[in-house]
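Novice: Next up is a structure, given as structure tokens.
Please treat every number below as a calculation from the coordinates, not as lab data. Please read all numbers here as calculations on a predicted model, not as lab measurements. Positions of Cβ are backbone-derived with ideal geometry, glycine not excepted, and every protein chain shown enters the neighbour counts.
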Amino acid sequence: MSEQVVHSEVQPFSARAALPWLVSLGVYATVLILGQRLLNDPDSYSHIEVGRWIMAHGALPASDPFSFSMHGAPWITFEWLSEMVYAGVYALSGWPGVVVVAAAAIALAFGLLTFFLLRELSPSLTLLMVIAAVILSAPHMLARPHVLVLPVMVTWAAALVRCMDRGGAPPYWALPLLVLWANLHGSVVLALGLIGPAVLEALLREGRSGWSHVLLRWLPFAALALAASCLTPYGPEPLLMPLTTLGLGPALAWISEWRPQGFQPHRRLRAAAAGRHLCALARRDAAARAGPGGDRPAPFRFGADTQCGSAGHAGAALPRGSAGSEVRRTDRRRCGRLVARFDSGRVRRVDRGERGGPGA
């Protein structure tokens, strides 16, 4: 057997091929270690109880059997499939089983995201994007129906993006995913919304002369996607649930996941911003120790222009000595106050006129 045949039969497992598996295993292990946090939502209890009710009665509820103030009112459980999954797992292995299933769905979603991103990006950029996605989605990693639909969501979005990149035919093979999505979670309307950018991309690529061809190619796909999303025990009614929820008016203020995102309540963002300024201070201190000939980074302006930014830059311009040491000590005191303000949510804009001296 020739050397060429041997090499063709035994090929090393590349790092690029291993990265999705490593990401999945890493996310899975991390989520399991922090498994108790997956249960930090009272809705997990209600979803399991609804699933137990469905399995006990062999039917889906048409009215609310649990509410005290709205008992017997018309009600649909559009997440019935997820609730049955959680209830079945809870019956078999209790809360540890619920955590394992939720963690597996989350890990699978990020593994698929890594796999699809590697088609277009380098491993380093892919890893950076996945880390950002993990950080942004961390507050929503809960044992609730939406985490079970995450792998379906990633696959559907990747199929549309792949079609947009290649300018090919609509991904008809992905339509069964919408049936699963519609019965796992009420966010399937998002899947239909993602078809719009794909059609717009095709229209812009073809130009006016090819618009009719594009519409003839995508309209049947959109119609079938809508039909697939309606294949639920309640028909098309789950598609209207997001609109119903948005129509709750003042009651939305009591639902944390439907509130607009802001800077105030997120300690991670405040800590990251404070850490960024501390890193900038360290670089300026290093430039000051290097002397007047060293590299001096430009001043940072991130969000509120803080005392740490301008004073640290001024310290970098001073030579080593009593004056430079005094300014650097002042920088550290000001950055300490900055971290305290970030931690308490009281970040304020500091005008340049307030940064005159060490006592400012």
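Novice: Taking R0 as 45 Å, what's the FRET efficiency between Arg16 and Ser209 from their Cβ-Cβ distance, rounded to 0.05?
Specialist: On the way: r = 40 Å, r/R0 = 0.88.
Rounded to the nearest 0.05, the efficiency is 0.70.
Novice: Rounded, prolate or oblate: which fits the range 70-211, taking a ≥ b ≥ c as square roots of the Cα gyration tensor eigenvalues, rounded meaning a/c under 1.5, else prolate when a/b beats b/c?
Specialist: In terms of gyration-tensor shape, oblate.
Novice: In whole Å, what are the extents of the range 76-139 along the principal axes defined by its C-alpha atoms, from largest to smallest?
Specialist: Largest first, the range 76-139 extends 43, 27, 21 Å along its Cα principal axes.
Novice: May I ask you to derive the FRET efficiency for Ala73 and Ile255 from their Cβ-Cβ distance with R0 = 22 Å, giving the value to the nearest 0.05?
Specialist: 0.75
Novice: OK, next. When only C-alpha pairs under 8 Å and at least 6 residues apart count, what is the relative contact order of the range 15-143, in percent?
Specialist: Contact order relative to length: 37 percent.
Novice: Grab the other residues whose beta carbon is less than 15 angstrom from that of Pro238, score K and R as +1, D and E as -1, and report the net.
Specialist: Charge balance near Pro238 sits at -3.
Novice: May I pose another question? Arrange the following residues from fewest to most other Cβ atoms within 10 Å of their Cβ: Val161, Val149.
Specialist: Val161, Val149
Novice: As an exercise, find the ratio Rg/Rh for the range 1-132 from alpha-carbon atoms, using the Kirkwood inverse-distance average for Rh.
Specialist: 1.20
Novice: Express in nm, to one decimal, how much length is gained between Ala62 and Ala169 on full extension, taking 0.36 nm for each residue of separation and deducting their alpha carbon distance.
Specialist: Taking 0.36 nm per residue and subtracting the Cα distance, the gain is 34.5 nm.
Novice: Right, next: With a ≥ b ≥ c taken as the square roots of the eigenvalues of the C-alpha gyration tensor of the range 168-240, please select rounded if a/c is under 1.5 and otherwise prolate if a/b is larger than b/c or oblate if it is not?
Specialist: The shape class here is prolate.
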